[in-house]
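To keep things clear, I will list the structure first and then write my remarks on it.
No lab work stands behind these numbers, since they all come straight from the coordinates. Note that the coordinates shown come from a computational prediction; the quantities given were computed from them, not determined experimentally. We place every Cβ from the backbone using ideal geometry, glycine too, and count neighbours over all the protein chains shown.
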Amino acid sequence: MRHEGGCHCGALRFTFDSDKPLAPRACQCGFCRRHGARTVTDPEGFATLDLGAATIRYCFGSGVTEFLICGRCGVYVGAMAPIDGRGFVTLNLNAFDDPRHDLVAEPVSYQGESAEARAARRRARWTSVRA
């Protein structure tokens, strides 16, 4: 199934191809809580990103992951990290064209996770970015 989404003003767009049911997670870090993010991934799926000049690539913590925010309307659409020379992404369900407000996000915490464990988790769970 193809899901489409983007920021409020349309400057950032994405597609998410997945055959799995959407299972949102609610990261408990300060950034995600402040944005009310409900993120989804599928390691067997693919994402295509159309990130224009308005894209802000905000980094914090280890500085490896880019949190993708629209510089015009302020919507957080997802996070992207390079792993083994490939891009992996988690997408904010709230930025989907159909945000499925009926789906409740499972709270998760990654606090204290080592860099190696973080990369392994993302490699196993996040979605590959299609070029």
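Based on Cα contacts under 8 Å between residues 6+ apart, the chain shows a relative contact order of 31 percent.
Just check segment 88-131 against the gyration tensor rule for me: Cα atoms, a ≥ b ≥ c as the square roots of the eigenvalues, rounded for a/c under 1.5, and otherwise prolate or oblate depending on whether a/b exceeds b/c. Taking the square roots of the gyration eigenvalues as a ≥ b ≥ c, segment 88-131 is oblate.
The separation of segment 74-90 from segment 18-38, counted between C-alpha centres, amounts to 13 Å.
For the chain, leaving out every one of the GluC sites (Glu not before Pro) that falls in a DSSP loop and has at most 14 other Cβ atoms within 10 Å, the longest unbroken run is 45-112.
For ARG38, the residues whose modelled amide H falls within less than 5 Å of its own, excluding neighbours fewer than 5 places apart on the same chain, are LEU93, ASN94.
Which of the three applies to segment 1-68, rounded, prolate or oblate, going by the alpha-carbon gyration tensor with a ≥ b ≥ c and a/c under 1.5 meaning rounded? Oblate, because a/c is 1.5 or more while a/b does not exceed b/c. Please state the shape class of segment 2-129: rounded when a/c is under 1.5, otherwise prolate if a/b exceeds b/c and oblate if not, all from the C-alpha gyration tensor. Rounded, since a/c falls under 1.5.
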